[in-house]
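Please read the structure below before turning to the comments.
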Ligand code: CP3
């Protein structure tokens, strides 16, 4: 595969041959041809891997995110095991918010829990802007990882303002986002102040990762699908745009992802993404029609399909690769994160299948 990639690069004379910028993943993000369709899995670090569970047995989640040696090891595990085309930094979307002074913990079996949920302007003001020193462990982990990963690109990430605001306002995970939306509709001024501040924290956090050497970034707006397009455009888009457009000159592709976002795909692209993540509800050819021809897509195997018999998985992978051909660039992924009960062997087989099917396609084309 490296031979092919180098050959392609020699033809268009663009990025440095062989480095992460020339990898199948970055090429697909940039809508350039590559040797095969690249594949990685959201939440591939952790979750279903026994070698991850062993490490985490004695170390709480937030502590593991703050220890560069552990971050490096956990991030590398799925790369070693599955041969995915990209690594994603092991961390969590609440890590920068905790660094900004918000008292929170990640509770096993629940997720992020905030001690004093945000309700007032004074609460918003207590969210400090972060500097590199506040997240020096992330800076260090990314540098170690970039050295270890060689030609495999590392994806940095952050939570988008709406999804972060949901945890901060609700105080923890929520199915309806009722308190969040009540604040958004009832006190738009406070809402915009909160999201404006979260956008600043997020932008600073992604800049630290980019300066330390990540090859791409993904902005997770996992819960944006809770909103209508009109409300998304009014209450969320300006803030996500502040983050993504703030990175326009950073030299790395920007992926923008959410769940249940069929109605929002166009707007999420407009926020300044190079790649739009699509969940399993929208076929990739339909999604591309909504996103437009100047952006790549990422997705979109239903994570629960991985629990079905192999012939079902195989048929779905083939269908998605076929529909992905409609897009100017396709990064194969799940439509949301790996479920903890997934058999890691199935993930490894999916990687091999995506590579095999899409390379054959390239040979024929
Ligand atoms: O899944 C998504 O929607 C991606 C965005 C997101 C992350 N964390 C990124 C992440 C969201 C919405 C969260 C919040 C969060 N944090 C939850 C969800 C709670 C809810 O509202 O349903 C949970 C359970 C956590 C805590 C957490 N984060 C744990 C226990 C772990 C480690 C292993 C695991 O279970 O996945 C994480 C890691 C994490 N969160 C990563 C990312 C991108 C690490 C990278 C990776 O696993 O690939």
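Any read-out appearing in this document is the output of simple, stated calculations on the displayed coordinates, not a laboratory observation. Model, not experiment: these values are computed from the prediction. Please note: Cβ atoms are built from the backbone with ideal geometry, for glycine as well, and neighbour counts cover all protein chains shown.
Taking 14 Å as the cut-off, no amide N atom of region 39-66 comes nearer than this to a point 7 Å along the Cα-to-beta-carbon line of residue 315.
Counting only alpha carbon atoms, the long axis of helix 344-364 and the longest principal axis of the chain meet at about 50°. Computed from the C-beta positions of residue 348 and residue 286, the FRET efficiency with R₀ = 25 Å rounds to 0.25.
Can you give me the Cα centroid spacing of region 127-178 and region 13-55 in angstrom? Comparing the Cα centres of region 127-178 and region 13-55, I get a distance of 19 Å.
Antiparallel as a % of all DSSP beta bridges within the chain, to the nearest 5?
15
Treating r as the C-beta distance of residue 326 and residue 178 and R0 as 30 Å, the FRET efficiency rounds to 0.20. Spin-label pair residue 58-residue 129: with each label point 7 Å from Cα along the Cα-Cβ axis, the two points sit 4.2 nm from one another. With the convex hull drawn around the C-alpha atoms of region 209-365, the volume per residue stands at 127 Å³. The rule of thumb for compact globular proteins, 2.2 N^0.38 Å, goes into the C-alpha radius of gyration of region 296-335 1.14 times.
Before anything else, pin down the relative contact order of region 166-265: Cα pairs under 8 Å, at least 6 apart, normalised by residue count, whole percent.
Answer for region 166-265 is 31 percent.
Please state, as a whole number in µm²/s, the translational diffusion coefficient that the Stokes-Einstein equation yields for region 224-310 at 4 °C and 1.567 mPa s, with Rh defined as the Kirkwood radius across alpha carbon pairs. Value of D from the Cα-based Kirkwood radius: 96 µm²/s. Each 10 Å bin from zero up to the one holding the largest Cα-Cα distance in the chain carries the following percent of pairs: 5, 25, 36, 25, 7, 1, 0.
Of all beta bridges that DSSP places with both ends in region 243-365, some 0 percent have antiparallel geometry.
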